[in-house]
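Structure, as structure tokens:
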Amino acid sequence: MIDFKFPDKGELERIGKNERLNLFRRYFAASRYNRLLIQKNLIQSAYDESSPSEIVELGRLLNQDFFDKVRIVKECSFLDEFIDAAKEEEHGLQKIIEAYDKRIMNQS
């Protein structure tokens with residue numbers, strides 16, 4: 001999994017708005033990648049005896065990391081910028097979901 005180095009409060013305050021937005025975008029990209037790895041591990045568990053509790057723990061850690069990042073950006077008063085990046089990510093994810101929906105509908 002990618003261990004994304006999210007800056008501390010002081011560094012977030014020192015960098016500019018555009019740099020913060022790009023940082024938030026990279027954070028969401030790393031998070032998406034990590035969730036794909038969790039899904040891959042889940043699929044592999046069907047045949048490689050992986051422990052389900054390890055997979056569940058990875059998901060829990062990723063969720064907790066997200067909530068920690070939200071707390072940090074709230075403390076720094078950058079929640080609006082974080083939400084802007086989150087909405088971009090949500091829009092991208094929605095496009096992926098719609099592409100899957102179309103693919104599934106065409107197979108029916």
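Details
- Other-chain or far-sequence residues with amide H under 5 Å of Phe4's (modelled H): none
- The chain - percent of accessible surface contributed by carbon and sulfur, probe 1.4 Å: 54 percent
- For the chain, the Cβ-based charge dipole about the Cα centre amounts to some 280 debye (Lys, Arg positive; Asp, Glu negative; other atoms uncharged).
- Length gained on full extension, Leu36 to Leu62: 8.2 nm, using 0.36 nm per residue less the C-alpha separation.
- Given a 1.4 Å probe and the protein chains as shown, Arg35 ends up with an accessible area of around 100 Å².
- Label-zone membership for region 1-23, site Ser51, 7 angstrom Cα→C-beta point, backbone N under 19 Å: 1
- Checking every one of the GluC sites (Glu not before Pro) in region 23-57 against DSSP loop status and a limit of 11 other Cβ atoms within 10 Å picks out Glu49.
- Relative contact order %, the chain, counting alpha carbon pairs below 8 Å whose residues are six or more apart: 35 percent
- Shape category assigned to region 59-108 from the gyration tensor of Cα positions, a/c cut at 1.5: oblate
- Over the chain - Rg/Rh using Cα atoms and the Kirkwood inverse-distance radius: 1.06
- Per-pair calculated FRET efficiency, R0 = 30 Å: Arg71 and Asn18 via Cβ, rounded to 0.05: 0.85
- Computed with a 1.4 Å probe over protein heavy atoms only, the accessible surface of the chain comes to 73 Å² per residue.
The values are calculated or read from the model by the stated rules, or taken from the named source; none is laboratory data. Just so we're clear, the structure is a prediction, and the values are computed from it rather than from any experiment. Here Cβ is always computed from backbone atoms with ideal geometry, including for glycine, and neighbour counts include all displayed protein chains. SASA here: full protein model, heavy atoms, side chains in, ligands and nucleic acids out. Shrake-Rupley method; radii C 1.70, N 1.55, O 1.52, S 1.80 Å.
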